[in-house]
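Structure, as C-alpha cells:
Every read-out reported here was derived from the displayed coordinates using simple, explicitly stated rules and does not represent laboratory data. Quantities reported herein were computed from a predicted structural model and do not represent experimental measurements. For neighbour counting, all protein chains shown are included, and Cβ atoms are generated from backbone atoms with ideal geometry for every residue, glycine included.
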Amino acid sequence: MTPFDILLPAFVASLILTGIHAYLGVHVVERGVIFVDLSLAQIAALGLTVAYLAGFDVHTSTPAYLFSLGFTFVGAAIFALTRAHGKTRIPQEAVIGIVYAVSAAVAILLMSKATQETEHLKEMLVGNILSVTWYEIAKTAVLYALVGAFHYAFRDRFLLISMQEEEAVRRGLNVRFWDFLFYMSFGFVVTSSVAIAGVLLVFCFLIVPSVAAMLFTERLGVRLAIGWTMGAVVSAVGVALSFALDLPTGAAIVATFGLALLLLAGFRAITRPRTA
C-alpha cells in the first residue's frame, strides 16, 4: 500500500467534514454560541465513552453510535431550552461552557475505571482520522447530505433565527422549536464527526473557516466559498505534514488550521484600507 492510498481516505473525510461544518459554522458564529460545537462534541464523546464501557466497539458498533446520538439529543434539548431572547443575566455561552466541562469531567471519571483509558481519551480529543475507512466515509457523506438537504429546505427559517432573531420573533416563529431542530441536526453531524475526527478537529472544522471568512466579507455565499476553500487546502497540507513529519494527523490538521488563520488575519491587517 502506497502513502497515497493511506492518506487519501483521511483527506476525503476532511473534505466531507469541511463541507457541512463550514456551513453550520456560519450559524454558530452569528448566534454567538462559539463553543456549542465543542460542547456537543464532548457530549457525543461522553456517549461513546459510556458505550465503550458497556463493551461496544466505538468505531463500528451501531449501539455505540446510538448511545452517542442519544446523549447529543439531550444536549440539543438543553441548548434549545436555555436560549434566551434579548438581554439575560445568564448568557447561553455560560451554559454551554458548563455542559462542556461537566461532560469532559464525567468522561474522565468513567475512563479512570477502565483499561487503556489514556488511548481512548486521546482519540476523543484528536480522533484517528487516518484510520477512517471508505465505508465510514460513504456512510458519513450520505448522512451529511441528508442534513444538508434538511437545512436547505428550511434555510430561510434557520438563517433568519441565526442572523435576525428579533425579526424571527416578530414574524411569530417558534424560535425554541426551530432551535431544537437546528441543534438536533447538528447532533447528527457532530456524533458522526467525533467518531472520525475527535473533539478538537471537529471544533476547528466548524469555527476556523467561518471566522477566517468573516475577516473578508459579510456575504453568506462568499463566506461559504472561502470557508470551503480554506478547509480543503488546510486539510491537504495538514495530512501531508502529518505524513512527512510522522505526526498525529488530527493534531497536525488542527495546528495547520491555527497557523492558516493567523496568516490570513495578518494578511487582512496589512491589506485593510486605512481610515483617516
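Kindly put R272, R157 in sequence by how many other C-beta atoms sit within 10 Å of each C-beta, fewest to most.
Listed from fewest to most nearby Cβ atoms, that is R272, R157.
What's the long-distance tail for the chain, i.e. % of Cα pairs beyond 32 Å?
23 percent
Take K139 and T229, extend 7 Å from each Cα along the Cα→Cβ direction, and tell me the distance between the two endpoints in nm.
3.5 nm
If you place +1 on the Cβ of every Lys and Arg, -1 on the Cβ of every Asp and Glu, and leave all else neutral, what size is the dipole of segment 3-269 about its Cα centre, to the nearest 20 Debye?
740 debye
Using modelled backbone amide H atoms (1.01 Å from N, in-plane), which distant-in-sequence or interchain residues come within less than 5 Å of I34's amide H?
none
For Cα pairs less than 8 Å apart in space and 6+ apart in sequence, what is the mean separation divided by the residue count of the chain, i.e. the relative contact order in percent?
So the answer I get is 31 percent.
So between L220 and R176, what do we pick up on full extension, going 0.36 nm a residue minus the alpha carbon distance?
13.5 nm
What ranking of T62, T82, T18 emerges when the number of other C-beta atoms within 10 Å of each C-beta is taken as an exposure proxy, fewest first?
Starting with the residue having the fewest Cβ neighbours, the order is T62, T82, T18.
Through the Karplus equation 6.51 cos²θ - 1.76 cosθ + 1.60, θ set to phi - 60°, convert the phi angles of segment 198-213 into ³J(HN,Hα) values in whole Hz; use x for Gly and Pro.
For segment 198-213, the Karplus-derived couplings read x, 5, 5, 5, 4, 4, 5, 4, 7, 8, 4, x, 5, 5, 4, 5 Hz, x marking Gly and Pro.
How high is the FRET efficiency between A269 and A54 when r is their beta carbon distance and R₀ equals 41 Å, given to the nearest 0.05?
0.20
What's the local net charge at V239, with K and R +1, D and E -1, over the other residues with C-beta under 15 Å away?
Local net charge: -2.
Given the DSSP H assignment, sum -39500 (n - 2.57) over each helix run of at least 4 residues in the chain and divide by its residue total; what's the result at 222 nm in deg cm²/dmol, nearest 500?
When only DSSP H runs of four or more count, the value is -27000 deg cm²/dmol.
Pick out which of P248, P209, P91 has the largest mean-square fluctuation in a Gaussian network model of the chain, springs linking Cα atoms closer than 10 Å.
Evaluated over the chain, the most mobile residue of the options is P91.
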